[in-house]
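Take a look at the structure below.
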Amino acid sequence: MQPTDQNLPLIVDSLQVEESQSIESPGEPAQPGFRSASIHFVKEGKEVVAANGANLRIKAIENGVDLYTFKGKLVNCGGYGQCGTCVVEVVDGLENLSPRTEFEARKLKNKPETYRLACQAIVQGAVSVKTKP
Ligand code: FES
(Lines give C-alpha, C1' and ligand atoms only; values in the text may rest on other atoms or scores of the structure.)
Protein backbone atom coordinates (compact mmCIF):
# COMPACT_ATOMS: atom_id res chain seq x y z
CA MET A 1 0.00 0.00 0.00
CA GLN A 2 1.40 3.37 -1.05
CA PRO A 3 0.99 6.10 1.59
CA THR A 4 -1.52 8.71 0.52
CA ASP A 5 -3.20 11.51 2.41
CA GLN A 6 -6.25 9.27 2.78
CA ASN A 7 -4.59 6.23 4.35
CA LEU A 8 -1.94 8.12 6.35
CA PRO A 9 -4.06 8.10 9.57
CA LEU A 10 -4.28 4.28 9.29
CA ILE A 11 -0.49 4.00 9.06
CA VAL A 12 -0.02 6.33 12.05
CA ASP A 13 -2.59 4.31 14.05
CA SER A 14 -0.75 1.07 13.32
CA LEU A 15 2.56 2.65 14.44
CA GLN A 16 0.94 3.69 17.72
CA VAL A 17 -0.26 0.12 18.31
CA GLU A 18 3.27 -1.18 17.71
CA GLU A 19 4.66 1.37 20.20
CA SER A 20 2.24 0.28 22.89
CA GLN A 21 3.37 -3.32 22.43
CA SER A 22 7.02 -2.57 23.24
CA ILE A 23 8.78 -4.66 25.90
CA GLU A 24 8.69 -1.70 28.28
CA SER A 25 4.90 -1.62 28.55
CA PRO A 26 3.67 -1.64 32.12
CA GLY A 27 2.08 -4.90 33.16
CA GLU A 28 3.99 -6.98 30.64
CA PRO A 29 6.11 -9.69 32.27
CA ALA A 30 9.85 -9.05 32.28
CA GLN A 31 11.80 -11.05 29.77
CA PRO A 32 14.38 -13.32 31.41
CA GLY A 33 17.99 -12.43 30.69
CA PHE A 34 17.31 -8.75 30.05
CA ARG A 35 17.40 -7.43 33.62
CA SER A 36 19.50 -4.41 34.31
CA ALA A 37 21.22 -3.19 37.41
CA SER A 38 22.09 0.29 38.55
CA ILE A 39 25.12 1.45 40.46
CA HIS A 40 25.12 4.73 42.34
CA PHE A 41 28.61 5.99 43.12
CA VAL A 42 27.82 8.23 46.07
CA LYS A 43 30.99 10.35 46.32
CA GLU A 44 31.15 10.93 42.57
CA GLY A 45 27.42 11.56 42.21
CA LYS A 46 27.26 9.15 39.27
CA GLU A 47 24.46 6.78 38.39
CA VAL A 48 25.50 3.96 36.08
CA VAL A 49 23.18 1.47 34.39
CA ALA A 50 24.73 -1.96 33.93
CA ALA A 51 23.68 -5.37 32.75
CA ASN A 52 22.65 -7.75 35.47
CA GLY A 53 25.84 -9.69 36.27
CA ALA A 54 28.27 -6.85 35.60
CA ASN A 55 31.50 -6.63 37.56
CA LEU A 56 31.53 -3.61 39.88
CA ARG A 57 35.23 -2.76 39.29
CA ILE A 58 34.88 -2.91 35.52
CA LYS A 59 31.78 -0.71 35.53
CA ALA A 60 33.55 1.83 37.74
CA ILE A 61 36.57 1.97 35.42
CA GLU A 62 34.41 2.14 32.29
CA ASN A 63 32.58 5.12 33.76
CA GLY A 64 35.59 7.07 34.98
CA VAL A 65 35.08 6.32 38.67
CA ASP A 66 38.41 6.19 40.50
CA LEU A 67 38.45 3.23 42.90
CA TYR A 68 42.05 3.43 43.98
CA THR A 69 44.03 5.54 46.40
CA PHE A 70 47.50 6.65 45.32
CA LYS A 71 49.02 3.42 46.69
CA GLY A 72 46.31 1.37 45.01
CA LYS A 73 47.10 2.96 41.67
CA LEU A 74 50.69 1.78 42.01
CA VAL A 75 50.17 -1.74 43.29
CA ASN A 76 46.68 -2.95 42.37
CA CYS A 77 46.43 -6.52 41.14
CA GLY A 78 44.26 -5.71 38.13
CA GLY A 79 41.10 -7.28 39.50
CA TYR A 80 42.23 -10.68 40.78
CA GLY A 81 41.26 -10.20 44.42
CA GLN A 82 44.87 -10.22 45.60
CA CYS A 83 45.66 -6.66 46.68
CA GLY A 84 42.56 -5.42 48.50
CA THR A 85 42.94 -1.90 47.10
CA CYS A 86 39.60 -1.76 45.25
CA VAL A 87 37.58 -1.76 48.46
CA VAL A 88 34.21 0.00 48.46
CA GLU A 89 31.56 0.48 51.12
CA VAL A 90 28.08 -0.59 50.12
CA VAL A 91 25.66 1.94 51.58
CA ASP A 92 22.52 0.49 50.00
CA GLY A 93 21.57 -2.70 48.15
CA LEU A 94 24.09 -5.09 49.70
CA GLU A 95 21.64 -7.90 48.92
CA ASN A 96 21.95 -7.04 45.23
CA LEU A 97 25.61 -8.06 45.08
CA SER A 98 27.00 -11.56 44.76
CA PRO A 99 28.14 -13.14 48.06
CA ARG A 100 31.65 -12.41 49.34
CA THR A 101 34.30 -14.57 47.70
CA GLU A 102 37.11 -16.40 49.50
CA PHE A 103 39.49 -13.61 48.48
CA GLU A 104 37.22 -11.08 50.16
CA ALA A 105 36.82 -13.23 53.28
CA ARG A 106 40.62 -13.14 53.61
CA LYS A 107 41.27 -9.50 52.65
CA LEU A 108 38.29 -7.99 54.49
CA LYS A 109 38.18 -10.17 57.60
CA ASN A 110 38.59 -7.15 59.94
CA LYS A 111 36.29 -4.85 57.98
CA PRO A 112 32.53 -4.36 58.28
CA GLU A 113 30.23 -6.67 56.29
CA THR A 114 29.31 -3.73 54.08
CA TYR A 115 32.84 -3.54 52.67
CA ARG A 116 33.45 -5.33 49.38
CA LEU A 117 36.23 -5.70 46.86
CA ALA A 118 34.82 -4.14 43.71
CA CYS A 119 36.70 -6.62 41.53
CA GLN A 120 34.95 -9.54 43.22
CA ALA A 121 31.43 -8.09 43.38
CA ILE A 122 28.86 -8.95 40.73
CA VAL A 123 25.98 -6.50 40.49
CA GLN A 124 22.52 -8.07 40.38
CA GLY A 125 20.29 -5.09 41.12
CA ALA A 126 20.39 -1.54 42.45
CA VAL A 127 23.36 -0.69 44.69
CA SER A 128 24.91 2.45 46.15
CA VAL A 129 28.60 2.40 46.95
CA LYS A 130 31.22 4.73 48.41
CA THR A 131 34.66 4.45 46.89
CA LYS A 132 37.81 4.65 49.02
CA PRO A 133 35.96 4.32 52.35
S1 FES B 1 41.90 -4.99 42.26
FE2 FES B 1 43.16 -6.12 43.62
S3 FES B 1 41.72 -6.92 45.01
FE4 FES B 1 40.49 -5.86 43.61
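Taking the condition within 12 Å of the ligand (Cβ to nearest atom) and either among the small types (Gly, Ala, Ser) or under 19 Å from Ser128 (Cα atoms) (or both), does Gly64 pass? Before the answer, list the steps.
Values: within 12 Å of the ligand (Cβ to nearest atom): no; either among the small types (Gly, Ala, Ser) or under 19 Å from Ser128 (Cα atoms) (or both): yes.
For Gly64, the condition - within 12 Å of the ligand (Cβ to nearest atom) and either among the small types (Gly, Ala, Ser) or under 19 Å from Ser128 (Cα atoms) (or both) - is not met.
Within region 66-84, can one find any residue that is closer than 17 Å to Ala51 by Cα, open to solvent by 20 Å² or more (accessible area, probe 1.4 Å) and of a type outside the set (A, V, I, L, M)?
The initial filter retains those residues of region 66-84 that are closer than 17 Å to Ala51 by Cα, namely none.
No, that holds for no residue.
Return the pair list, or none, for Cβ contacts closer than 7 Å from residues in region 70-94 that are in a strand (DSSP E or B) to residues that are hydroxyl-bearing (Ser, Thr, Tyr), at least 6 apart or on different chains.
Cβ pairs passing all conditions: Val87/Tyr115; Val88/Thr131; Glu89/Thr114; Glu89/Tyr115; Val90/Thr114; Val91/Ser128; Asp92/Ser128.
Identify the single condition in (1) touching a residue at least 12 places away in the same chain (Cβ under 8 Å); (2) among the hydrophobic types (A, V, I, L, M, F, W, C); (3) under 16 Å from Lys132 (Cα atoms) that Ile122 does not satisfy, given that it satisfies every other one.
(3)
So, in region 68-86, exactly how many residues are hydrophobic (A, V, I, L, M, F, W, C) and near the ligand (Cβ under 8 Å from one of its atoms)? Spell out how you get there, then give the answer.
Keep residues of region 68-86 that are hydrophobic (A, V, I, L, M, F, W, C), which gives 70, 74-75, 77, 83, 86.
Within this subset, residues satisfying the condition of being near the ligand (Cβ under 8 Å from one of its atoms) are 77, 83, 86.
Of the residues in region 68-86, 3 are hydrophobic (A, V, I, L, M, F, W, C) and near the ligand (Cβ under 8 Å from one of its atoms).
Which residues, counting only those in region 88-99, are under 17 Å from Arg57 (Cβ atoms) and touching a Lys or Arg at 6+ places or on another chain (Cβ under 7 Å)?
The answer is Val88, Glu89, Val90, Leu97.
Every residue in region 91-122 that is more than 15 Å from the ligand (Cβ to nearest atom) and either open to solvent by less than 50 Å² (accessible area, probe 1.4 Å) or out of contact with any Asp or Glu (no Cβ under 8 Å at 6 or more places or on another chain) (or both), please. Reasoning before the result, please.
From region 91-122, those more than 15 Å from the ligand (Cβ to nearest atom) are 91-96, 99, 110, 112-114; that's our starting set.
Within region 91-122, Val91, Asp92, Gly93, Glu95, Asn96, Pro99, Asn110, Glu113, Thr114 qualify.
The values are calculated or read from the model by the stated rules, or taken from the named source; none is laboratory data. These figures come from a predicted structure and were not determined experimentally. Heads up, the Cβs are rebuilt from the backbone with ideal geometry, glycines too, and the neighbour counts pull from every protein chain shown. Side chains are part of the model used for accessible areas, which takes the heavy atoms of the whole protein and leaves out ligands, DNA and RNA. Shrake-Rupley method; radii C 1.70, N 1.55, O 1.52, S 1.80 Å.
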